[in-house]
Amino acid sequence: MTHRTDYLDYAAITALLERWVSESPGVARLHSLATTPEGREVWCLTLGSEPDRIRPAIFVDGNMHASELAGSSVALAFAEDVLRVHRGERPYDLPPALLQVVRESLVYVVPRMAPDGAEHVLKTGAYVRSAPRDDRTARERAYWVSEDLDGDGLAMVMRVEDPTGELVESTEVPGLLVGRSLGDTGPFYKVYPEGRIAGFDGSHVPNPFFLSDNRADFNRNFPYQWMPEHRQVGAGAFPASEPEVHGVVAFTSAHPEIFCWVDFHTFGGVFIRPPGDTPDSAMNPGDLAIYRQIEAWATDLTGYPTVPGMEFVYEPETPLRGDLTDYAWHQRGAFTWVVELWDLFEQVGLAKTERFVDRYTHLDRADLEALARWDATHNQGRIVRPWRPFDHPQLGKVEIGGLDPRIGFWNPPPERLAEVCAAQVQVLLHAAALAPRLHAEARAEVRGGLTHVTVTVENRGYLPTHVCAHGTKLVHDEPVFVELIADGPCLGPTRIEVGHLDGWGRGRWEGSDALFFQRTRGTSGRRVVHFTLEGAAEAVRVGSSRVGWLRIPPVDGDPVR
């Protein structure tokens, strides 16, 4: 069993990460971003030659939502293939020049942001959005608590026969519940989570809710445009109130070198990019061109479409608040996107919708029956389970069983996991190769008793040193500086700001390569500065917090000490 063929529990992921670090001590570092209330670590794996030296970095995380296990597998597969790159291998026959940029960059991987929740989903089958905890202070209203009532080790769902029920059993697929229509004669059913009702008054059954007994949704708890629970369901008590989210926010806030951030979810088969709260017309054209290039790779390598976050909302013109993508884009200035892994709709052959998000809800009886037939034929019947009678302590006679969506629905079947990982890792390797690449050369000459140092600074990477245009207003998006380190007085400043340096990349359809007027930029990716001093120049330090620092000796100077 590996992360490319099955879904690993916390102990197996921890053992795998520790093995990689022990096998590659010069490339890999492992530390925890947070310890969960149940005592598990939110592991972060750092990869790169000289892993403690800061330079442009890509941040990849998965499994923020507990049931979305495939994100962990893809994140681990990416880490494994980056290690292969550092061993000199050439995964997926990608161009050596691309892999060289990956080898020079830093990689941060958080394979499982919700280890407590994922463990519960794996071991009990109970639905958990992010974390299996409930710290609400208002507890008087009745609500559902998921539990394994019949002792089979899983907490599934219950159906209760009810003349007011909205569902009926399919005549085509035994056991499958579908929406009731005018011509149906019953029996009709209500469906609830397997479990009990906290605060039950003996008569009124509360509506089931996906956050009934696990109140916070990590992807509504990030600090950018956070809104309280009455404005945004799942928000948590306050921004970054959840220790897992706080750990991620604290780490990324301390690492402005993160230029790209990819967040893996399931399911649907789609890439979702910023902006999440404004139309594309409000985005900088250069930034949008970069996203168009990423979108082209995503479509080519995975077959998934890309949609802007403003279109991937559950209520029209109602943006999600406190989500990771907005935080990464607006507050950290990183090119970022969400991947909803596993294109189940395409696998089943369901019709496309005008808005991608409608594919999740615009399903009729025939679509549900097609899903069930696909499950039986291609997924070993993992989803549609038989119903078993049970005497519920509060509701009386019920049946337990129904849909187990963990494998095949929320996540790809293990038999398909390797191909999902391979396609996504190739996109990630392309994204990592977008990194700004600072290069500097220093030349020292002695004339008239003085030392003259000329420093040439270049950005040889795809992205500019400010990464994205909209991020230039952020405090941490520092310009590049050149600092002279010498053993004698300098005639003039010893530290010079050279500003930001353009990269060579232009994105897709940026416009400057139009046939009617094909031109390039000037030398906006290069700066030359001069220092004059008495004595010898020891070294030159070049960089910023955004792209890291280089320390180089002048070619005629002493070695760096």
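Phi angles of segment 168-173 translate, via the Karplus equation with coefficients 6.51, -1.76, 1.60 and θ = phi - 60°, into HN-Hα couplings of 9, 6, 4, 7, 9, 10 Hz per residue; Gly and Pro are given as x.
Counting only heavy atoms of the protein chains and using a 1.4 Å probe, ASP148 has close to 60 Å² of accessible surface.
The calculated FRET efficiency for ASP6 paired with VAL313, based on their beta-carbon distance and R0 = 35 Å, is about 0.55.
How high is the relative contact order of segment 483-543? Use alpha-carbon pairs under 8 Å, at least six apart in sequence, and give a whole percent.
On the way: 65 pairs, mean separation 37.4, N = 61.
Value for segment 483-543: 61 percent.
For ALA539, the residues 5 or more places off, or on other chains, whose built amide H falls under 5 Å of its own are ILE485.
Sequence-ordered 3J(HN,Hα) estimates for segment 320-329 from the Karplus curve with 6.51, -1.76 and 1.60 and θ = phi - 60° stand at 6, 10, x, 8, 4, 4, 5, 4, 5, 7 Hz, glycine and proline given as x. Segment 374-414 and segment 20-69 have their alpha-carbon centroids 34 Å apart. Here LEU491 sits with roughly 100 square angstrom of accessible surface, probe radius 1.4 Å. Placing dummy labels 7 Å off each Cα toward the beta-carbon, the span from GLN100 to HIS362 is 4.8 nm.
Mind putting a number on the dipole of segment 30-176 about its Cα centre? Charges go on the C-beta only, +1 for Lys and Arg and -1 for Asp and Glu, and I need it in Debye to the nearest 20. Kindly include the intermediate steps, with their values, before the conclusion.
Working: 15 positive and 25 negative charges, 180 e Å.
I would put it at about 860 debye.
Of the residues THR14, TRP329, LEU98, the one whose Cα sits farthest toward the positive end of the charge dipole of the chain, with +1 on the Cβ of Lys and Arg and -1 on the Cβ of Asp and Glu, is LEU98. The spacing between segment 262-287 and segment 490-545, judged by their C-alpha centroids, is 30 Å.
The mean sequence distance of close C-alpha pairs (under 8 Å, at least 6 residues apart), as a share of the length of the chain, puts its relative contact order at 15 percent.
Extending 7 Å from the Cα toward the beta-carbon at both ALA351 and LEU491 defines two label points whose distance is 8.1 nm.
Take every DSSP beta bridge whose two residues both sit in the chain; close to 75 percent of them are antiparallel. Ordered from largest to smallest accessible area (heavy atoms of protein chains, 1.4 Å probe), the residues THR532, THR185, THR318, THR266 come out as THR185, THR318, THR532, THR266. Of the solvent-accessible surface of the chain, computed with a 1.4 Å probe over protein heavy atoms with every protein chain present, carbon and sulfur atoms account for 53 percent.
Of the residues VAL555, ALA216, SER130, the one whose Cα sits farthest towards the positive end of the charge dipole of the chain is VAL555 (charges of +1 on Lys and Arg Cβ, -1 on Asp and Glu Cβ, taken about the Cα centre). Rounded to 0.05, the FRET efficiency of the PHE517 and GLU38 pair, given R0 = 60 Å and the Cβ-Cβ distance, is 0.45.
Tell me the net charge near PHE345. Cut-off is 12 Å between Cβ atoms, PHE345 excluded, with +1 for each Lys or Arg and -1 for each Asp or Glu. Can you show the working numbers first?
Working: positive: LYS352, ARG359; negative: GLU340, ASP343, GLU346, ASP358, ASP367.
Around PHE345, the surrounding residues sum to -3.
Where only DSSP H runs of four or more residues are counted, the chain gives -6500 deg cm²/dmol as its mean residue ellipticity at 222 nm, each run worth -39500 (n - 2.57).
Which value, in debye to the nearest 20, describes the size of the charge dipole of the chain about its Cα centre when Lys and Arg Cβ atoms bear +1, Asp and Glu Cβ atoms bear -1, and nothing else is charged?
Working: 55 positive and 78 negative charges, 293 e Å.
Value, rounded to 20: 1400 debye.
The values are calculated or read from the model by the stated rules, or taken from the named source; none is laboratory data. Model, not experiment: these values are computed from the prediction. Cβ atoms come from the backbone with ideal geometry, glycine included; neighbour counts cover every protein chain shown. Heavy atoms of the whole protein, side chains included, go into the accessibility calculation; ligands, DNA and RNA do not. Shrake-Rupley method; radii C 1.70, N 1.55, O 1.52, S 1.80 Å.
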